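Student: Quick one: the structure is below, and I'll ask about it shortly.
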Amino acid sequence: MGNAALHSIHVHPVKAFRSTSLQEAEVEPWGLAGDRRWVLIDDGGKVVTQREQPRLALAAAETLSGGGLRLSGGNLGPVTVPVPEPTGTTTVEIFGDKVEAVLADAAAHDWCSAYLGVGVRLAHMDDPAVRRPVDPDFALPGETVSFADGYPLLVTTLGSLDALNSLIAQGDRAEEGPVPMSRFRPNVVVSGTDAWAEDHWSRIAIGEVTFRVTKMCGRCIVTTTDQDTARRGKEPLRTLARHRRFDG
């Protein structure tokens, strides 16, 4: 690992909203405390992310004492969302998984719907210890995850980002680079390593916690979304597809 060091920590209180940077974070079995415990769903219960609604990149969610949220964005005034009572659950569909969650109050639904201009609801994962198992092909028995795409923690490295940006600069859409790390929506960013060193990691220790590294992360259209403007381009997927394609 050479001179590897922890560079930054990020959580996403509401999946697909902009990230929050932290100086330290508590590690829970299903991810960093406060990361992706809330999610937007459409009328059919399917998760809504930046894939469908890139403007979510510009919405902010602040975690309040007790686990509630303060949502802000656009020309709307902020709204405070308390943790809902788990008196009844709704089914959330996330990448083929069916997950039970608790709906927020009507004011939260109204604010999110007004922000996007389409009808959505805000849901909260009340009991992440039992709600959503990690893919059993990569998990130990009983391991669970929040509303993250699939795994409790996403790690990226500055060395690999620098190498990717060098490749983008040599390509036919150089004007779209360099891309910032925010495009990749990581939880933890590591500095001081060679490019792509993480391909070969099996375990890493950060602070008091040792993590098992299970697999690479497949990247989607969200990486092409400018997290400060919500506009989309072709990079970095165009360059990743040319230089970092695995298993098709």
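Student: Can you name every residue in region 148-163 that is over 22 Å from Ala205 (Cα atoms) and touching an Asp or Glu at 6+ places or on another chain (Cβ under 9 Å)? Reasoning before the result, please.
Tutor: Pass one, region 148-163, residues over 22 Å from Ala205 (Cα atoms): 149, 162-163.
Within region 148-163, Ala163 is the sole residue that qualifies.
Student: Right, next: Going by what's in this entry, would Thr90 be described as among the hydroxyl-bearing types (Ser, Thr, Tyr) and under 18 Å from the mean Cα position of the chain (by Cα)? Show your work before the answer.
Tutor: Numbers: among the hydroxyl-bearing types (Ser, Thr, Tyr): yes; under 18 Å from the mean Cα position of the chain (by Cα): no.
In short, no.
Student: Please find, among Val83, Val79, the residue that is in contact with a strand residue (DSSP E or B) (Cβ under 8 Å, 6 or more places away or on another chain), in a loop (DSSP other than H, G, I, E, B) and among the β-branched types (Val, Ile, Thr).
Tutor: Values: Val79 fails: in a loop (DSSP other than H, G, I, E, B).
Answer to the selection: Val83.
Student: Pick from region 111-154 the residues that are without any contact (Cβ under 8 Å) to a residue 24 or more places away in the chain and assigned by the TED database to the domain that holds Ala16: which of them is least open to solvent (accessible area, probe 1.4 Å)?
Tutor: Step by step, filter region 111-154, then rank; the result is Ser113.
Student: Moving on. Every residue in region 1-47 that is of a type outside the set (A, V, I, L, M) and part of a strand (DSSP E or B), please. Give the steps one after another, and end with the answer.
Tutor: Initially, region 1-47 is screened for residues of a type outside the set (A, V, I, L, M), giving 2-3, 7-8, 10, 12-13, 15, 17-21, 23-24, 26, 28-31, 34-38, 42-46.
Of everything in region 1-47, those that are of a type outside the set (A, V, I, L, M) and part of a strand (DSSP E or B) turn out to be His7, Ser8, His10, Thr20, Ser21, Glu28, Gly31, Trp38, Lys46.
Student: Any chance region 23-36 includes a residue that's open to solvent by less than 60 Å² (accessible area, probe 1.4 Å), touching a helix residue (DSSP H, G or I) at 6+ places or on another chain (Cβ under 9 Å), modelled with pLDDT of 95 or more and of a type in the set (A, V, I, L, M)? Give the steps one after another, and end with the answer.
Tutor: So in region 23-36, the residues open to solvent by less than 60 Å² (accessible area, probe 1.4 Å) come out as 25, 27-28, 30-36.
In the following step, the residues that additionally are touching a helix residue (DSSP H, G or I) at 6+ places or on another chain (Cβ under 9 Å) were identified as none.
No, region 23-36 has no match at all.
Student: Return only the number of the condition from (1) within 19 Å of the chain's Cα centre (by Cα); (2) without any contact (Cβ under 8 Å) to a residue 12 or more places away in the chain that Ser65 does not satisfy.
Tutor: (1)
Student: Here's something else I'd like to know. Of the conditions (1) assigned to a loop (DSSP other than H, G, I, E, B); (2) open to solvent by 70 Å² or more (accessible area, probe 1.4 Å); (3) not basic (Lys, Arg), Glu62 satisfies every one except a single condition; which number is it?
Tutor: The single condition Glu62 does not satisfy is (1).
Student: Same structure again: Taking only region 109-139 into account, find how many residues are touching a Lys or Arg at 6+ places or on another chain (Cβ under 8 Å) and of a type in the set (A, V, I, L, M).
Tutor: 2
The values are calculated or read from the model by the stated rules, or taken from the named source; none is laboratory data. The structure displayed is predicted, hence computed values, not measured ones. Positions of Cβ are backbone-derived with ideal geometry, glycine not excepted, and every protein chain shown enters the neighbour counts. Surface areas here come from the heavy atoms of the whole protein model, side chains and all, with no ligands, DNA or RNA. Shrake-Rupley method; radii C 1.70, N 1.55, O 1.52, S 1.80 Å.
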